[in-house]
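Beneath this line is the structure, given in structure tokens, with notes to follow.
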Amino acid sequence: MLTLAISDVPGDGPINIASGPTVADPTTCIDALAIVRRYGIDLPPAVREVLDGGRGESVSRATPRLARAEIRLIATPQMALQAAAAVAREVGVTPLLLGDAVEGEAREVGKVMAGIARSAAQHGDPVAPPCVLLSGGETTVTVRGGGRGGRNVEFLLALALALDGLPNVWAIAGDTDGVDGAEEVAGAIVAPDTLARARAKGIRAADRLADNDGHGFFEALGDQVITGPTLTNVNDFRALLVMRGR
């Protein structure tokens, strides 16, 4: 048995990719019941019966059917970053891969990436311009405002605020399945004039970030990236292009 998988999870663990039915699962019904007890979850009787009786056990490593099973990852976040790096080299831009499993609050990741881009632009460290900082993974948005969330647009909005119009830095971020959060929008782009154009429209970027309204912000600027459903998924893709000053 041969399983071909496309990874949409940080770390590319086969057990976590679409709950793979052809991959051995070390977890058990007992593990699930421990979580139920820990959080005091009130399960429907039918679910409790499945877990108590062991009927819900997934395929284990001891299953004879898996003795000759093989799994191959045919597309992963790292492969996507490596492909982007190859394109960058072809046009004379130095790529720097910052990781394919970056997680955490999207706005905090945006601040960190902005700091790295600023260092590259001003000091040529950790890489000198022209360069592109590439990263993947799956960040998180804790929605506390009235906006619609979207981890890539929240990342970009926080990035734009942290860069504060820094010349010669552009960015793009998007979900590779074409849907950022619950929106049929993959992501957006940021340019050195992003904040200035927003101010000209009477839009306060900091207020939009506080409201988790990245989608509304970039929609108003016409800077959304809309691909439509791509019918595949290797997590988020982020690229920060840093060029030489003029």
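The values are calculated or read from the model by the stated rules, or taken from the named source; none is laboratory data. Note that the structure is a prediction, hence the values are computed from the model and not measured. A quick note on method: Cβ atoms are made from the backbone with ideal geometry, for glycine too, and the neighbour counts reach across all protein chains shown.
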| task | Output the qualifying pairs, or none if there are none: Cβ atoms under 6 angstrom, residues six or more apart or on different chains, first residue in the stretch 203-223 and without any contact (Cβ under 8 Å) to a residue 24 or more places away in the chain and not assigned by TED's automatic domain parsing to the domain that holds residue 179, second residue surrounded by 23 or more Cβ atoms within 10 Å (Cβ to Cβ) and not small (Gly, Ala, Ser). | result | none
| request: Could you check, for the stretch 178-200, whether at least one of its residues is among the hydroxyl-bearing types (Ser, Thr, Tyr) and within 16 Å of the chain's Cα centre (by Cα)? | output: no
| Scope the stretch 37-88; condition surrounded by 15 or more Cβ atoms within 10 Å (Cβ to Cβ) and assigned to a loop (DSSP other than H, G, I, E, B); matching residues | 57, 58, 59, 76
| request: Pull up the stretch 230-246, narrow it to residues that are over 16 Å from the mean Cα position of the chain (by Cα) and not hydrophobic (A, V, I, L, M, F, W, C), then point me to the one that is surrounded by the fewest Cβ atoms within 10 Å (Cβ to Cβ). | output: 246
| task | Could you tell me whether residue 196 is modelled with pLDDT of 95 or more and either of a type in the set (D, E, K, R) or in a helix (DSSP H, G or I) (or both)? | result | yes
| message | Take residue 32 and tell me if it is surrounded by 11 or more Cβ atoms within 10 Å (Cβ to Cβ), touching a residue at least 40 places away in the same chain (Cβ under 8 Å), of a type in the set (A, V, I, L, M) and not in a loop (DSSP other than H, G, I, E, B). | response | no
| task | State the number of residues belonging to the stretch 14-57 that are within 26 Å of residue 138 (Cα to Cα) and not acidic (Asp, Glu). | result | 16
| Does residue 169 satisfy the condition of being more than 12 Å from the chain's Cα centre (by Cα), in contact (Cβ under 8 Å) with a residue 60 or more places away in the chain and within 27 Å of residue 120 (Cα to Cα)? | yes
| request: Output the number of the condition that residue 112 fails; it satisfies all remaining conditions of (1) within 30 Å of residue 192 (Cβ to Cβ); (2) surrounded by 15 or more Cβ atoms within 10 Å (Cβ to Cβ); (3) touching a residue at least 12 places away in the same chain (Cβ under 8 Å). | output: (3)
| residue 120 is checked against (1) surrounded by 21 or more Cβ atoms within 10 Å (Cβ to Cβ); (2) of a type outside the set (Asp, Glu); (3) assigned to a helix (DSSP H, G or I); (4) out of contact with any Cys (no Cβ under 9 Å at 6 or more places or on another chain) and fails just one. What number does that condition carry? | (4)
| task | Could you please give the count of residues in the stretch 132-190 that are within 26 Å of residue 232 (Cβ to Cβ) and part of a loop (DSSP other than H, G, I, E, B)? | result | 15
| note | So, first residue in the same structural domain as residue 116 (by TED's automatic domain parsing) in the stretch 146-160, second residue polar (S, T, N, Q) and in a loop (DSSP other than H, G, I, E, B), Cβ within less than 7 Å, six or more apart or across chains; the pairs are 147/212; 149/212; 151/139; 154/212; 155/139
| note | Flagged pairs (Cβ under 7 angstrom, 6 or more apart or on separate chains; first in the stretch 179-202, assigned by TED's automatic domain parsing to the domain that holds residue 232; second surrounded by 11 or more Cβ atoms within 10 Å (Cβ to Cβ) and of a type in the set (Lys, Arg)) are 180/151; 181/148; 181/151; 182/148; 183/148
